[in-house]
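To start, the structure under review is shown below, and the notes come after it.
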Amino acid sequence: MAKTKRIGILTAGGDSPGLNAAIRGVGKTALGFYGMEIIGFRDGFRGLVEDRKLKLDRSTLSGILTVGGTILGTSRDKPHRMVIDGRTRDMTKVICENYDKYGLDALVCLGGGGTQKNALRLHEAGLNVITLPKTIDNDVAMTDATFGFATAMDIATETIDRLHSTAHSHHRVIIAEIMGHRAGWLTLGSGIAGGADVILIPEIPYDVEKISAAIKQRSRHGTNFSIVAVAEGAMSKDDARALAAAEKKLERARTLHDKKEAKIELATLDVRHTGNTMRLAKQLEDLTQLESRVTILGYVQRGGTPSAADRLLATRLGSACGDLIHEGIFGVMVAARGDGTEPVPLEKVAGKRKAVPPDHQWVETARKVGTCLGD
Ligand code: F6P
C-alpha cells in the first residue's frame, strides 16, 4: 500500500488577509480530497526549527475561512539567518533534519517576496518546497495577484471615501498614508477607486511644487479641499536620487567589505517614510495655504476578515497547491493566472519584485481622469 503523504505548512513574513483561507484550501484539498496528512508549523520557519507544530485536521481547518491573520502565527525569520539565543545562525541544516524527522513529503510556504527567496534556498537544500503568493503589497513577481491585496484595497478605499467628507467640510488637504514601501499597487488601486486627487507611489518620484499646483488649481475651480493618497515608500525626486546613490554606494561597499558607512546612509533614507509624509503635509500647507492633516492607515490595512475576492483567490491557490503536491511538482510558486493557476519555478520569482510599470494601464487611467501623480 502506498505511504500516506505528509505535508508541512507555514506562514511567513507580514500577515495578510486570506492566509487562513489559503491554509484551509491547501488543507481540505490535501486531507479531504487526496487523503494526505498535514502538519502546521508555528511562526514561520522558526516553528520548523523549534519543533513547534500543530496537527491540522478537519476540526482545525473548519471555521477559519473568514478569520483574519493566521492560525499558525508568523514571523520574518529567515532560515539562513535566524537569531537563536542572541546569536545569528544558519538553521538550514536543522530545518532539513527536522523535515526528515517529521517524515515530510512536501513543505508549503505561504508568504511574500522574502518567503519566496527563503523557500528557494530550502528547495536548493533538497526539500520539496511549494509556495503561495500572499501580501497586501501585490508585489510578488510572476503572479497576476497576491491574496491580501484585495482586502487591503477595500479598506484603503473606504478610508479615502470617509476622508472626503471631512476634508470637504474643513477645506483641508488630507494626506492618507497607505502601506507599500517599495510598490505602489495598493495606493494606486485604492487612490483610483476612492477618487484621490493626488496619488504618490514609490515608482514615480514626486515634485512637491507640482502637487501644490494641482491642489491650487482645484481651489481656483472652487474646490477647496484635496485628498492625497501617498504610499509609505513614495519619495520626492531629490530623495529618490539620494537613495539611488546610497544604494550604489552600498553595492560598491559590499565588494570592499566596508559596509558600515553606506549602511548608515541607507538607513537614514529608509524607504518607509512616515517622516516624509509628515514633511509633505507641512510643505503642502505652506505652499497651498490650506490646512493639512495626515491619516496613517497602518496595520488596519492588514487586519480583519478577508474580502470575498481574497477568500476566493486564496482558496483557488491553496486547492491548486494540493493538486501539485499530489502530482509531485515542487520548487514552484502557485501563481494566479487569469481565471486559473500556474506553477512558476521559484528561480523565476525569488529576488524579483513586481513594481508598478510607469506606463501601466492604472497609471494612464489615473492621469486621464485628472489625478496628479506628482511628476
Ligand atoms: O510587506 C507588507 C507590508 O505590509 C508593507 O507594506 C509594510 O511596509 C510592511 O509590511 C510592514 O510590516 P511589519 O511592520 O510587520 O514588518
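Scanning segment 298-321 for residues that are surrounded by fewer than 22 Cβ atoms within 10 Å (Cβ to Cβ) and in a loop (DSSP other than H, G, I, E, B) turns up Arg302, Gly303, Gly304, Thr305, Ser307. When the residues of segment 72-84 are filtered to those that are open to solvent by 60 Å² or more (accessible area, probe 1.4 Å) and outside any loop (DSSP other than H, G, I, E, B), the one that is nearest to the ligand (Cβ to nearest atom) is Lys78.
Could you check segment 27-71 and list, in sequence order, the residues that are within 16 Å of the ligand (Cβ to nearest atom) and of a type outside the set (Asp, Glu)? Reasoning before the result, please.
Kept after step one, since they are within 16 Å of the ligand (Cβ to nearest atom), are these residues of segment 27-71: 43-46, 68-70.
Gly44, Phe45, Arg46, Gly68, Gly69, Thr70, listed by residue number.
Residue-level analysis places Ile204 among those that are crowded, with 16+ Cβ neighbours inside 10 Å, outside any helix (DSSP H, G or I) and away from the ligand (no atom under 16 Å from the Cβ). Does Thr341 fit the bill of being in contact with a Ser or Thr (Cβ under 8 Å, 6 or more places away or on another chain), modelled with pLDDT of 95 or more and not in a helix (DSSP H, G or I)? The answer is no for Thr341.
Looking at this structure, is Ile211 in a helix (DSSP H, G or I), within 20 Å of His360 (Cα to Cα) and more than 16 Å from the ligand (Cβ to nearest atom)? When the stated conditions are applied, Ile211 does not pass them. Within segment 294-307, residues that are in contact (Cβ under 8 Å) with a residue 24 or more places away in the chain and more than 17 Å from Asp161 (Cβ to Cβ) have Cβ atoms under 9 Å from residues that are within 11 Å of the ligand (Cβ to nearest atom) and of a type in the set (Gly, Ala, Ser) in these pairs: Arg302/Gly14; Arg302/Ser16; Arg302/Gly148; Arg302/Ala152; Pro306/Ser16; Pro306/Gly148, counting only partners at least 6 apart in sequence or on another chain. Would you confirm whether any residue within segment 322-335 is more than 16 Å from the ligand (Cβ to nearest atom), on the phi < 0 side of the Ramachandran plot and in a loop (DSSP other than H, G, I, E, B)? Yes, segment 322-335 contains a residue that is more than 16 Å from the ligand (Cβ to nearest atom), on the phi < 0 side of the Ramachandran plot and in a loop (DSSP other than H, G, I, E, B). Sub-6 Å Cβ pairs linking a first residue in segment 17-32 that is within 12 Å of Arg316 (Cα to Cα) to a second residue that is in a loop (DSSP other than H, G, I, E, B) and small (Gly, Ala, Ser), at least 6 apart or interchain, are Gly18/Gly148, ordered by first then second residue. Of the residues making up segment 325-336, not a single one is under 19 Å from Met153 (Cα atoms) and of a type in the set (Asp, Glu). With respect to the conditions (1) surrounded by fewer than 22 Cβ atoms within 10 Å (Cβ to Cβ); (2) under 20 Å from the mean Cα position of the chain (by Cα); (3) assigned to a loop (DSSP other than H, G, I, E, B), Val356 lacks only one, and its number is (1). Taking the criterion of being of a type in the set (Val, Ile, Thr), more than 8 Å from the chain's Cα centre (by Cα) and not in a loop (DSSP other than H, G, I, E, B), the residues of segment 120-149 that qualify are Val129, Ile130, Thr131. The residues listed here are Arg42, Arg89; of these, the one that is open to solvent by 50 Å² or more (accessible area, probe 1.4 Å) and under 28 Å from Ile155 (Cβ atoms) is Arg42. Restrict the check to segment 59-69 and report whether at least one residue is crowded, with 21+ Cβ neighbours inside 10 Å, modelled with pLDDT of 95 or more and not in a strand (DSSP E or B). Checking segment 59-69: at least one residue is crowded, with 21+ Cβ neighbours inside 10 Å, modelled with pLDDT of 95 or more and not in a strand (DSSP E or B).
Hey, can you tell me all the residues within segment 85-99 that are over 22 Å from Glu327 (Cβ atoms) and in a helix (DSSP H, G or I)? Give the derivation first.
First pass over segment 85-99, keeping only residues over 22 Å from Glu327 (Cβ atoms): 85-98.
Listed by number, the residues that qualify are Thr92, Lys93, Val94, Ile95, Cys96, Glu97, Asn98.
I'm checking my understanding of the structure. Among residues of segment 27-58 that are part of a helix (DSSP H, G or I) and closer than 23 Å to Asn118 by Cβ, which one is nearest to the chain's Cα centre (by Cα)? Across segment 27-58, the extreme among qualifying residues is Phe45.
The values are calculated or read from the model by the stated rules, or taken from the named source; none is laboratory data. Treat the numbers as computed from the prediction; the structure is a model and nothing was measured. For neighbour counting, all protein chains shown are included, and Cβ atoms are generated from backbone atoms with ideal geometry for every residue, glycine included. SASA here: full protein model, heavy atoms, side chains in, ligands and nucleic acids out. Shrake-Rupley method; radii C 1.70, N 1.55, O 1.52, S 1.80 Å.
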